[in-house]
Amino acid sequence: MKHIKYLLATFLSLLLASCYKLISTYAPSEVEPGQTFEVSFTVVDDGSDTQNFVTDWSYAGIRLPNGWAATVPEGAHRLYAEDWVYYQDGSAVNSAHDMEPCEKLSQFYNSVCRKTGYTWSGFKSVTKIPKNISACWRNGCDSIRITFLVTVPEDAKPGRYTIDFMGGDEEDDAGIDKYSSYTAAKDSRLFHVGTAAGSYVKNRAANLTRTIIVTEDATGLSDLKDLKDFKDLKDSKDLSGRPATRQSRIIIKNGKKILKR
């Protein structure tokens, strides 16, 4: 009997831990002080026998340098699938859902994954989102993307900064409110995927942490009058000290910082 109970417990733990995985993140490579820009992360079905995403209450967090602000746009939570995929009630899967700040999730993530000089901001879906996506799950054709809006403060210092992500969900009606503290929630699906190191995170993908370079304010930079000057970039660098490319917004050439218009 004990052996059977152990096997059942193991099966349930695997079932709960196997639904989706983090496959990609997005952020611009260079930004300026005062700029607001989009970042996002995407998860797909992990191909396990669970077959479905659990997307009742969806939760997502983003970790930014102290002083940076995070919000979410309208329809921040998006579900994607092939055109012929439908929910069990017959409605189309491709859809957008709103999210809102969740202070409790922010507290949980900041307690679990601390990093000096950085702070997590948590968000949750405004309403429960339909689940039971029923198609091609073994091929991972279904995906969920969460988008954030990040604002860099006007007085941000130039340099290299990192952005981390975390996500999860809850099926019960009570959602995150059923947990009194992060220690009570440590084995929950709130910590299902993430880029940050943390013992509670089930599926980590540290390689998907994004690095952003904050450039100097454009004020006072030399203005490039003739774009033909960018035909030869072999002796120029970007602000990180790497060889400049045509995507570099600001380059250093002959000791002079030049802003591309």
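The values are calculated or read from the model by the stated rules, or taken from the named source; none is laboratory data. The structure displayed is predicted, hence computed values, not measured ones. When we count neighbours, we look across all protein chains shown, and the Cβ atoms used for this are built from the backbone with ideal geometry, even at glycine.
General observations
- Filter pass, Thr50 being within 20 Å of Glu170 (Cα to Cα) and modelled with pLDDT under 70: yes
- For region 132-144, the criterion of being modelled with pLDDT of 60 or more and surrounded by fewer than 18 Cβ atoms within 10 Å (Cβ to Cβ) is met by none of the residues.
- A Cβ distance below 8 Å, combined with a sequence gap of six or more or placement on separate chains, defines the contacts here; from region 148-171, residues that are within 24 Å of Asp56 (Cβ to Cβ) and in contact (Cβ under 8 Å) with a residue 24 or more places away in the chain reach residues that are among the acidic types (Asp, Glu) and not in a loop (DSSP other than H, G, I, E, B) in the pairs Phe148/Glu38.
- For region 144-197, the set of residues classified as assigned to a loop (DSSP other than H, G, I, E, B) and of a type in the set (A, V, I, L, M) consists of Val152, Ala156, Ala174, Ala184, Ala185, Ala196, Ala197, listed by residue number.
- In region 17-46, residue modelled with the highest pLDDT [restricted to those that are of a type in the set (Gly, Ala, Ser) and farther than 15 Å from Ile144 by Cβ]: Ala27
- Meets criteria (modelled with pLDDT under 90 and in contact with an Asp or Glu (Cβ under 8 Å, 6 or more places away or on another chain)) for Leu7: no
- Test for Ala196: is it in contact with a strand residue (DSSP E or B) (Cβ under 9 Å, 6 or more places away or on another chain) and either assigned by TED's automatic domain parsing to the domain that holds Ser40 or more than 16 Å from Gly122 (Cβ to Cβ) (or both): yes
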